[in-house]
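Asks: Shown below is the structure under consideration.
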Amino acid sequence: PTETPTARPTEAPTSNPTATPTPIEKITSISYQAHSQNHGWMSVVKDGETAGTVGEGYRLEGIKIHLKDKNGNSIVRYRTHVQNEGWQSWKKSGELSGTEGKERQIEGVSIELISNYINNYDIYYRVHVTNFGWLGWAKNGEIAGSEGLSLRVEAIQIKIVKKGVSIDVGGIHMIEKPSLTYQAHSQSDGWKNSVVEGKTAGTTGENKRLEGLKINLNNFDKTNGIEYRAHVSEKGWLGWNTSGQIAGTTGEARAIEAVQIKLVGNVSKYFDIYYRMHVSNMGWLGWAKNGETAGTTGGGVQAEAIEIKLICKGVGFDVGGTRYIDCTQTGIHLQHYMTQSLKQPYSGPCCAYAYGIGLSIVLKQNVNPMQFYYDGLAHYDWGRVGAYHSYNATEIYNALKNGKPTMVHYTYSGGQHWVLIVGIKNGANINNIQYSDFICIDSATGSEYALTSAYRFGSIQGIKVFN
């Protein structure tokens, strides 16, 4: 007969109780020690006290942090960003992070608790940085200090805070360099590609005006950190712009002539912004910074390119010369050193007199122009004067800026004459200099005139710039 299978008895479920968590030890204190320039290893400090030096200008070179559980296991790890090395590997309680005997500064620090302690405690730490003092408190692995900016850490403070207890962090804990890019709108080219900090936006050597400018600053605290404006031909100063907006114009065939750029907000506490303009007929001017004017105004001189840099405060920077020229104050007047009359004694030696007056300016001493007449220099042919070349207003202006006069040879009906250019009038448009803008000493009369008012001014044959 068919057997009916016997039913298996129902088994009671196996008990699976929740495991009892390992209790977390109470952290009562954290201690740490600094290795500082000229001091070596300093005394161990604890719980927010200062390790290192403040006000002495000494670099922090190494640190050791001490925090273990009752079994002797490290419950902290830490690392440092070191000069010329970058970030070192993580270290455990009592180990050296940084260097000893290498004269290298710590620039950044990161510290964090490990194991289950991160659920019950926060670890806070802050650093004292050259030029800026104490930064805000970082916590739980955040970077305190900086990386890649060569800023010296001089001291550190560390403390443990029970989770959920808030503290006043007191500002930013890390100095980060914002991302800076900028873009030029150039004559006949339109908007050109954006460039990064320190690169040239616009054109050089093409005689194309810079018409518009956009600057983008990706600020570390996500706020607008920059304002800038442009001085535009026939319009003057336009309004201030913020990150990403257009300064200047597009589609109006107007040149930017000068700019002002400044940082605002938190970023201005830690960085300076430098900028310089490439200007028609002058090339690169010097660097302006923090809202100063770069370029020219009052002369209709077009800017053609710009470069911009962010530099940490307190870091030296070579500005490289004059940043701004007010063309309404472009007047130049060179002083001669002759003690005798500037008027030639009789008809003929105009070339010798012009040369002698010029030489007195260059040598800064008395010169007898008649000596050059006696030596035959009064002859105006190129063989006696030396090769001279065609009129070039910019070359004459640049020579005047460098303290060098220029001899000018011109002809008139029935004769010829030499005069010496010793200056340029205030307000001259140095992008379009006229004959009448130059000031000359006319040896025929011994007086100063506009070039066009010199004795029987006629057709310029050439110029001779003093070297």
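The values are calculated or read from the model by the stated rules, or taken from the named source; none is laboratory data. Computed from a prediction, not measured in an experiment: that's the story for all the values here. We place every Cβ from the backbone using ideal geometry, glycine too, and count neighbours over all the protein chains shown.
Asks: What number goes with the only condition from (1) assigned by the TED database to the domain that holds ALA201; (2) in contact with a Phe, Trp or Tyr (Cβ under 8 Å, 6 or more places away or on another chain) that GLY300 does not pass?
Replies: GLY300 satisfies all of (1) assigned by the TED database to the domain that holds ALA201; (2) in contact with a Phe, Trp or Tyr (Cβ under 8 Å, 6 or more places away or on another chain) except (2).
Asks: Let me ask something else. Just for strands (runs of 3 or more DSSP E) wholly inside the range 96-205: which have at least 2 residues that are under 30 Å from HIS35 (Cβ atoms) and within 27 Å of the chain's Cα centre (by Cα)?
Replies: On the way: elements: 106-113, 121-129, 144-146, 153-162, 179-186.
Ranges flagged: 106-113, 121-129, 144-146, 153-162.
Asks: Has the range 82-90 got any residue that is surrounded by 14 or more Cβ atoms within 10 Å (Cβ to Cβ), without any contact (Cβ under 8 Å) to a residue 60 or more places away in the chain and of a type in the set (Gly, Ala, Ser)?
Replies: No, every residue in the range 82-90 fails to be surrounded by 14 or more Cβ atoms within 10 Å (Cβ to Cβ), without any contact (Cβ under 8 Å) to a residue 60 or more places away in the chain and of a type in the set (Gly, Ala, Ser).
Listed here are the residues, each with its yes/no results for (1) closer than 30 Å to LYS64 by Cβ; (2) outside the structural domain of SER93 (by the TED database); (3) modelled with pLDDT of 95 or more.
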site	(1), (2), (3)
GLU142	yes, no, yes
VAL153	yes, no, yes
GLY171	yes, yes, no
ALA184	no, yes, yes
VAL195	no, yes, yes
GLY205	no, yes, no
GLY212	no, yes, yes
GLY244	no, yes, yes
ALA255	no, yes, yes
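Asks: Where in the range 272-389 are there helices (runs of 4 or more DSSP H), lying wholly inside it, with at least 1 residues that are over 18 Å from VAL419 (Cβ atoms) and of a type in the set (Gly, Ala, Ser)?
Replies: On the way: elements: 350-363, 369-374, 382-385.
Here the list reads 382-385.
Asks: Any residue at all in the range 117-132 that's touching a Gly at 6+ places or on another chain (Cβ under 7 Å), basic (Lys, Arg) and either crowded, with 19+ Cβ neighbours inside 10 Å or over 19 Å from VAL45 (Cβ atoms) (or both)?
Replies: yes
Asks: Another question, if that's okay. Of the residues ALA428, ALA450, ALA444, only one is among the aliphatic types (A, V, I, L, M) and over 43 Å from the mean Cα position of the chain (by Cα); which?
Replies: On the way: ALA428 fails: over 43 Å from the mean Cα position of the chain (by Cα); ALA450 fails: over 43 Å from the mean Cα position of the chain (by Cα).
Just a single option satisfies the conditions, and that option is ALA444.
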